[in-house]
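Note sheet for the following structure.
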Amino acid sequence: LRVLVCVSGGGTNLQAIIDGVEAGTITNTEIVGVISNNKNAFALERAKKHGISAECISPKDYESRDIFNKQFLERVNAYKPDLIVLAGFLVVIPPEMIAEYRNRMINIHPSLIPAFCGTGYYGLKVHEAALKRGVKVVGATVHFVDEGTDTGPIILQKAVEVQNGDTPEILQKRVMEQAEWKIMPEAIDLIANGKVTVEDGRTVICD
Ligand code: GRF
């Protein structure tokens, strides 16, 4: 499976994917490239360190979003990916790209969707909202990307307990370590082995 990873920040999910491929826990998979909208993203360093093609493209460098969208999709298609992975990618995906890669583009969100998701719920804001609501269980979700925000068919979810004294930062770290970095590699391995199908807007996972 040719996987292209889109990033904007630290790249710890990218690192989990790189480690999984190198350890053989993610099978039949090659990371063919990494694209970031942030030239300072540490994720780019992680890619380069592992000899993975890495490039930067930002809407800020284009006079209009339409021109960026066209150029971004051209750059993506140049990698001939079988799967696009959004790992903390903070750029709105062009509608034409969502259509072209329907059920071939996944995203990770740091909550148990449909809780604490949608516009405005990203990064620490997700965990702040969870603590404010006083939920006892949080987690992460990997889902296919559709036209909405965090609304596509859910592939995998993993729950994490909230503990007394948790701050948003502590909770975020636990969700990443115990949920994100596990279900992201697992989802890619399932897809690489043809074990995920979508029926009537919901996924079916073959065991
Ligand atoms: C993660 O918390 C992920 O759930 C969210 O953005 C963050 C990306 O972190 N989509 P990293 O760049 O993978 O470290």
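A protection proxy built from the mean count of other Cβ atoms within 10 Å ranks the segments 46-56, 98-108, most packed first, as 98-108, 46-56. Protein heavy-atom accessible surface, 1.4 Å probe, per residue over the stretch 1-154: 47 Å².
Need one word for the chain: rounded, prolate or oblate. Basis is the Cα gyration tensor (sqrt eigenvalues a ≥ b ≥ c); a/c below 1.5 gives rounded, then a/b vs b/c decides.
On the way: a/c = 1.41, a/b = 1.28, b/c = 1.10.
In terms of gyration-tensor shape, rounded.
When you count the other C-beta atoms within 10 angstrom of each residue and take the mean per peptide, 136-143, 15-22, 191-198 line up highest first as 136-143, 15-22, 191-198.
Surface calculation, 1.4 Å probe, protein heavy atoms: Arg2 sits at approximately 90 Å² accessible. Computed about its Cα centre, the charge dipole of the chain is approximately 340 debye, with only Lys, Arg, Asp and Glu carrying charge at their Cβ. A simple packing score, the average count of other Cβ atoms within 10 Å per residue, orders the peptides 110-120, 164-174 as 110-120, 164-174, with the highest score first.
Relative contact order of the chain, taken over Cα pairs closer than 8 Å and 6 or more residues apart, is 20 percent. Cross-link pairs exceeding 19 Å between alpha carbons, from the set Lys49/Lys173; Lys48/Lys182; Lys132/Lys173: Lys49/Lys173; Lys48/Lys182. Surface composition of the stretch 102-185: carbon and sulfur atoms hold 52% of the protein heavy-atom accessible area at a 1.4 Å probe.
The phi torsions of the stretch 61-68, fed into the Karplus equation with coefficients 6.51, -1.76 and 1.60 and a -60° offset, translate into couplings of 8, 10, 6, 8, 5, 4, 5, 4 Hz, rounded to whole numbers, with Gly and Pro shown as x.
The values are calculated or read from the model by the stated rules, or taken from the named source; none is laboratory data. From a predicted model like this one, the values you see are computed outputs, not experimental measurements. Counting neighbours? That spans all protein chains shown, and the Cβs are built from the backbone with ideal geometry, glycine included. Side chains are part of the model used for accessible areas, which takes the heavy atoms of the whole protein and leaves out ligands, DNA and RNA. Shrake-Rupley method; radii C 1.70, N 1.55, O 1.52, S 1.80 Å.
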